[in-house]
Amino acid sequence: MARVKGGFTNRRRHKKVLKRASGFYSANSRCYTHAVEKVDRALSYAYRDRKAKKRTFRRLWTQRINAAARLNGTTYSVLIGAMAKKGFAIDRKILADLAISDAAGFAAIVKQAIA
């Protein structure tokens with residue numbers, strides 16, 4: 001009885017890994033054993049950083065809102081607290097966009113929230 005070596009299945013799996021590794025430096029894009037390690041690490045970083053991206057953007061929005069709020073004579077925490085009390089349903093992403101693109105509109109929202 002002959003030993004089964006995988007053949008087509010192994011080749012297909014190797015090609016899939018090497019395709020993902022294209023663009024990696026040196027043997028990491030050409031040698032299967034190196035490529036497997038690098039692709040696994042790259043995928044784990046990609047998964048981790050998809051989560052981190054959400055945190056990073058929320059921090060950016062907070063900074064933008066705070067800067068614009070201070071130009072209007074209040075602070076981020078006071079503004080968000082006042083908006084919560086009044087029941088404003090504007091999320092931080094939209095608020096930060098307003099702060100940059102429409103300063104007058106943002107000022108009106110601040111005025112209404114604080115009043």
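Bridgeable lysines around Lys93 (alpha carbons under 20 Å apart, same-chain partners fewer than 8 residues away excluded): Lys51, Lys53, Lys54, Lys85, Lys111.
Against the chain, whose longest principal axis is taken from its Cα atoms, helix 92-101 shows a tilt of about 70°.
For n ≥ 4 DSSP H runs only, could you compute -39500 (n - 2.57) per run for the chain, divide by its residues and tell me the 222 nm figure to the nearest 500? Mind dumping the intermediate values first?
Values: 5 runs with 86 residues, N = 115.
Rounded to the nearest 500, the figure is -25000 deg cm²/dmol.
Partners of Lys15 within straight-line reach, counting lysines whose Cα lies under 17 Å from its Cα and excluding those fewer than 8 residues away in the same chain: Lys5, Lys38.
For the chain, the longest principal axis of the alpha carbon atoms and the long axis of helix 8-20 meet at an angle near 40°. Amide hydrogen proximity for Cys31: with H placed 1.01 Å from N in the peptide plane, no residue at 5 or more positions away or on another chain lies under 5 Å. Among the listed options (1) 31.2; (2) 12.3; (3) 7.0, the one matching mean projected area of the Cα convex hull in nm² as calculated from these coordinates is (2).
Residue separation times 0.36 nm, minus the C-alpha to C-alpha distance between Phe57 and Arg12: what's the value? Don't jump to the answer; show the numbers that get you there.
Details: separation 45, 0.36 × 45 = 16.20 nm, distance 3.88 nm.
Extra length available between Phe57 and Arg12 comes to 12.3 nm.
Angle of helix 103-114 to the longest C-alpha principal axis of the chain, folded into 0 to 90 degrees and rounded to 10: 70°. Of the chymotrypsin sites (Phe, Trp or Tyr not before Pro) found in segment 1-74, those in coil by DSSP whose Cβ has at most 12 other Cβ atoms within 10 Å are Tyr25.
Quick note: the coordinates plus some simple rules give every number you see, no bench work behind them. From a predicted model like this one, the values you see are computed outputs, not experimental measurements. When we count neighbours, we look across all protein chains shown, and the Cβ atoms used for this are built from the backbone with ideal geometry, even at glycine.
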